[in-house]
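Worksheet for the structure shown next.
The values are calculated or read from the model by the stated rules, or taken from the named source; none is laboratory data. Because the structure is predicted, anything quoted here is derived from the model rather than measured. Because the Cβ atoms are built from the backbone with ideal geometry, glycine has one as well, and the counts that use them run over all protein chains shown. Each accessible area value is taken on the protein alone, full model and side chains, heavy atoms only, with ligands, DNA and RNA left out. Shrake-Rupley method; radii C 1.70, N 1.55, O 1.52, S 1.80 Å.
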Amino acid sequence: GYDWGAGVDSVMVTLDHVVDAVDPEDFVIQETKQATDFASENKDIVIVNNERTIKDVYLCDEKGEKTDQASKYIQFELGVSPTEGSPLLYSAKTGFNTWSDPYELNIQLSEDADLTSNGKEVTSWTIDTAYTARVTSVDQFKKESFSATDGVTYQYASYEPQEGSDTLFVWLHGGGEGG
């Protein structure tokens, strides 16, 4: 998460064949997602396409660890900002965030790509846009609720580090998270 909300800053893809080496200039990534059109009178939800900034790309193992060896795993490190990379849809009508559906990253070879597999030029490239796993920084939080004496039920999430801590951090957030 970032101070403006969530952002997809890293993506790992699994290929059918190993590639010898990768360079950010070999790829173009297009993001397709839902967004609220704040210019429209009804704050309509529309589908938008944005080109993503590739900060780095490298070969890795199945755990995402960098490797200098040929690999069928590629890790993309992506730029994020308030206008780039959010997988969430903020609804001006409800005031809540939801996961954008669709949220897809179309990873293509650039026109000047120089990608090889076992020394042979890669001439065909298709990456399925459906993701198989989504890992977030809040996965380690425990979601709970509290019922106040006035009958209102409040939802909250808590996190306690394994090594323990004497620090209490309270985050009260309104727009998008519904509080």
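Considering only TYR156, GLY85, THR14, the residue lying farthest towards the positive end of the dipole of the chain is TYR156, judged by Cα position with unit charges set on Cβ. Here the simple spin-label model places points 7 Å from the Cα toward Cβ, and for THR32 and VAL152 these points are separated by 4.2 nm. Each Lys and Arg Cβ is given +1 and each Asp and Glu Cβ -1; about its Cα centre, the stretch 118-177 then shows a dipole of about 260 debye. In a reduced charge model with +1 at each Lys and Arg Cβ and -1 at each Asp and Glu Cβ, the chain shows a dipole moment near 660 debye about its Cα centre. Counting heavy atoms of the protein chains alone, ASP3 has an accessible area of about 140 Å² for a 1.4 Å probe.
Starting from 0.36 nm per residue, how many nanometres of slack lie between VAL138 and PHE169 once their C-alpha separation is accounted for? Kindly include the intermediate steps, with their values, before the conclusion.
Details: separation 31, 0.36 × 31 = 11.16 nm, distance 1.47 nm.
9.7 nm is the gain from fully extending VAL138 to PHE169.
Which residue fluctuates the most in the chain, going by a Gaussian network model with Cα springs under 10 Å, if the choices are GLY85, GLY119, GLY164? Fluctuation is largest for GLY164.
Charges were assigned to the Cβ only: +1 to each Lys and Arg, -1 to each Asp and Glu. The resulting dipole of the stretch 1-64 about its Cα centre is roughly 280 debye.
Could you pull out the pairs from LYS72/LYS120; LYS33/LYS55; LYS66/LYS120; LYS55/LYS93 whose alpha carbons sit more than 24 Å apart here? LYS55/LYS93, as the Cα separations exceed 24 Å there.
For VAL57, nonlocal amide neighbours, meaning residues 5 or more places apart or on other chains whose placed amide H falls under 5 Å from its own, are GLU77.
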